[in-house]
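Every number here is computed from the coordinates shown, using simple stated rules; none is lab data. Being a predicted model, the structure only gives us computed values, none of them experimental. Here the Cβ positions follow ideal geometry from the backbone for every residue, glycine too, while neighbour counts run over all protein chains shown.
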Amino acid sequence: MKTVLITGARAPIALDLAHSFHAAGYKPHLADCIRPWTAHWSRFGRSQLHRFAPPRTQFSAFTADIARLVDRLDPVLIIPACEEVFYLAEAAATLQLHDRVFAPPLPLLRQLHSKIAFASLVQSCGLTGPATRRVTSRAALQEWVPHAASLVFKPEFSRFATNTLVRPTARALAKINPTSKTAWAVQDFIEGTEICLWSAARQGQIIAFAAYQPRWRLGHSSSFYFEPDHDPKLLEFCKIIAQRTNVTGQLAFDIIRDPTGTIHPLECNPRGVSGIHLFAAAPSLARALTGEAELALAPIVPRHLAPAMWLLGAPRALGRGQWPRFRSDLRRSSNALNFTGDHWSNVAAILDAMRFLATGLRNGRTAAGQSTDDIEWNGEPIA
């Protein structure tokens, strides 16, 4: 039986990928620098969950750990599910694992991950992204303060809308301190419907695709309800970016569709995102990722994360008079954490969330920020 290695086991989508590969006849192994409860209590956690050193602070040890895992498991494919993708790509360059790691080299990842470089890529493709400027000093920032009501400010390298300011006040902008090493992107605000895309490509050709609207979410952060969107322009956009970059790996995008139907790409996350939940761990996804099948499209059934829906969505629905909508959305969707043979996924997901919340409170970070603290990359040299 062929083996695949899925890193970033802390991400709920890692279990989706593991179950998809299991259904397709592969033996999935999971790895992370922590021991997530969702992975530990899964059917794969007994003997197929491994540890590696935290790549952000111990890259050399991380590279050595990856080398040992490859020697031991001999995986035909290594798929990053979270922010460790950047370090895994750099380790792959050292270990000569380009043919196994499902990610492009770090320079391309940087171009996609940078809010500013990605905007330039969109423009070079003749697409209609919002105007985006690079700001590297407090003085340069002041130029945009009078126009803040029509702008969005975000760090060049960020995730989960961390620190993003949408049409902020002057007081909020006063807390920003851009530098040449920590640049900020100043982007035109575009009114419309927000859409999230996930796709996978091999040598510039899209092999898997999902699109959804983040119907229930906490603020501007990650959503926990995934409403499929079937606009054909979304897939065509992914094909354009994939072909232009000749990428092999994952491409996720945040998009705004304005009232005229025009789509405006905002930013790219070159890694796994929640759109993978929409495939419901179908074997067709694994077969597409390994190149054994044609394009895999996500089913049309909405999905949700049940613990977040009840712990975060229900109070919001009650407080805002949205309970009928909440109940309707629950009835017509399925829980993305219900995996065959895994009976504790929902409880484990709550424990993982509590872990990041508690640790984040101790470190002065949000739970979302803490969840990637040891694996995130913000454009700095990797060594």
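Couple of notes before you dig in:
- Within the straight-line cut-off of under 16 Å between alpha carbons, the lysines reachable from Lys2 are Lys27, sequence neighbours fewer than 8 places apart in one chain being disregarded.
- Expected 222 nm ellipticity per residue - DSSP helices of 4 or more, -39500 (n - 2.57), all of the chain, to 500: -9500 deg cm²/dmol
- DSSP-defined antiparallel bridges as percent of all bridges, region 191-336, nearest 5: 90
- Taken about its Cα centre, region 154-267 carries a charge dipole of about 400 debye when Lys and Arg each add +1 at the Cβ and Asp and Glu each add -1 at the Cβ.
- GNM top mover of Ile176, Ile13, Ile256 - the chain, alpha-carbon springs below 10 Å: Ile176
- Cα Rg, Dmax (largest Cα-Cα span) when computed across region 135-178, Å: 9.8, 27
- When the charge dipole of the chain is built from unit charges on Cβ atoms (+1 for Lys and Arg, -1 for Asp and Glu) and taken about the Cα centre, the candidate among His29, Phe86, Trp310 whose Cα reaches farthest toward its positive end is Trp310.
- Amide proton proximity set for Thr164, modelled H, under 5 Å, gap of 5+: none
- Gaussian network model of the chain, springs between alpha carbon atoms under 10 Å - residue of His264, His220, His113 with greatest fluctuation: His220
- Unit Cα scatterers, Debye sum, the chain: log10 I(q)/I(0) for q = 0.09, 0.12, 0.14 Å⁻¹: -0.50, -0.93, -1.31
- Fraction of beta bridges assigned by DSSP in the chain that are antiparallel (%, nearest 5): 70
- Taking the chain as a Gaussian network of alpha-carbon nodes connected by springs under 10 Å, the highest mean-square fluctuation of the residues Asn335, Asn163, Asn363 belongs to Asn363.
- Taking a point 7 Å from the Cα of Asp74 along the Cα-to-Cβ direction, the residues of region 1-41 with backbone N closer than 19 Å to it are 1-6, 25-30.
- Each residue of region 186-198 was assigned a 3J(HN,Hα) from its phi angle through the Karplus curve 6.51 cos²θ - 1.76 cosθ + 1.60 (θ = phi - 60°); the sequence is 10, 10, 4, 7, 10, 6, x, 8, 7, 9, 10, 10, 10 Hz, with glycine and proline shown as x.
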